[in-house]
1. Would you mind stating whether TYR150 is under 19 Å from VAL202 (Cα atoms) and either part of a loop (DSSP other than H, G, I, E, B) or in contact with a helix residue (DSSP H, G or I) (Cβ under 6 Å, 6 or more places away or on another chain) (or both)?
2. Would you check which residues across the stretch 219-233 are in a helix (DSSP H, G or I) and small (Gly, Ala, Ser) and list them?
3. Across the stretch 129-145, which residue is surrounded by the most Cβ atoms within 10 Å (Cβ to Cβ) among those that are in contact with a Ser or Thr (Cβ under 6 Å, 6 or more places away or on another chain) and not in a strand (DSSP E or B)?
4. So, of the residues in the stretch 104-116 that are outside any helix (DSSP H, G or I) and hydrophobic (A, V, I, L, M, F, W, C), which turns out to be nearest to the chain's Cα centre (by Cα)?
5. Residues of the stretch 63-93 being hydrophobic (A, V, I, L, M, F, W, C) and under 23 Å from TRP182 (Cα atoms), which ones?
6. Considering only residues that are surrounded by 15 or more Cβ atoms within 10 Å (Cβ to Cβ) and of a type in the set (A, V, I, L, M, F, W, C), which ones fall in the stretch 159-170?
7. Condition first: more than 20 Å from GLU213 (Cβ to Cβ) and in a helix (DSSP H, G or I). Can you find one or more residues in the stretch 117-128 that meet it?
Amino acid sequence: MPIGQTALKIHYAGRGARMTTVTTPDGQLVSYVDHGGDGPVVLLLHSFLMDSSMWAPQVEAFGDRYRLVAVDERGHGGTPATGPFDHWDVARDALAVLDALEVDRAAVIGTSQGGFVALRMALLAPERVTALALLGTSGEPEDEQISAAYQQLAEVWIAQGPETVTEAVAKICLGEYDPSDWTPKWAAVEPDRLRLVMTALVGREGVLDRLAEVGVPVLVLHGTADLAYPVTKAEALVAALPRAELVLVEGGAHFLSLTHAADVNPHLERFLRAHA
């Protein structure tokens, strides 16, 4: 049941993977990587300022047993942002990817911002989502002080150059993990794009009061050393979701699917075996 049209296909390095774009009915181009693989479809949604390649550790670990589809979210990677948007729009983009692949249902894994999108997918189209794994994320609006700090950081980035804030961004997102693969990508983000994605991030509304509607199994993974969201954010998610399990990763950073993949992957595989 495809909607929109597939606009471009480019063969992508990796086992059976290809970078593809789809154009949604409202004209939004969405880039994604279909890694192939046998088994159920699992949609992967990345963190703020990242792209679909951050899922490389999961593709390596279990990409042969599942069809992993990693989306570049609006304003990230190969997916443009041409005007204001919110994470409900990004959830619709992700559903359009499933439509383009003629996939009726999928498990969804989202980290940080990707978790915001995953929850909204489950609320918009519960019949399309078989299970959710949420890492380092929150169901609440951004705290006012944090929102103001992030917006100030973005303006310093734009006015003085990304190198002035890269160390701070890396520390918040990656902890002690080597950021060298990502800093060149961050440096290439255009000011207009940065403002759009930051506005979506800090302007989002909370969804905790709607999470009783999410009836599928949910795995919530959270690092104890997450500098963006304390463990209480994960605990609030689990309290609001009817079928949620919380796993804490000792010392885990905010983007823990990347920084602590060896700790995270066994939990993801166990969950997918049971629910994908």
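1. Criteria met by TYR150.
2. Result: no residue meets the conditions.
3. Ranking the qualifying residues of the stretch 129-145, first place goes to GLY136.
4. Across the stretch 104-116, the extreme among qualifying residues is ILE109.
5. LEU68, VAL69, ALA70, VAL71, ALA81, VAL90
6. VAL165, VAL169, ALA170
7. Checking the stretch 117-128: not a single residue is more than 20 Å from GLU213 (Cβ to Cβ) and in a helix (DSSP H, G or I).
Conditions (1) in contact with a Pro (Cβ under 9 Å, 6 or more places away or on another chain); (2) within 18 Å of HIS87 (Cα to Cα); (3) among the β-branched types (Val, Ile, Thr), marked per residue:
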residue: VAL202; (1), (2), (3): yes, yes, yes
residue: ARG210; (1), (2), (3): no, yes, no
residue: ASP226; (1), (2), (3): no, no, no
residue: VAL238; (1), (2), (3): no, no, yes
residue: GLU245; (1), (2), (3): yes, no, no
residue: GLU250; (1), (2), (3): no, no, no
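The values are calculated or read from the model by the stated rules, or taken from the named source; none is laboratory data. It should be emphasised that the depicted structure is a prediction, and the values quoted were computed from it without experimental measurement. Counting neighbours? That spans all protein chains shown, and the Cβs are built from the backbone with ideal geometry, glycine included.
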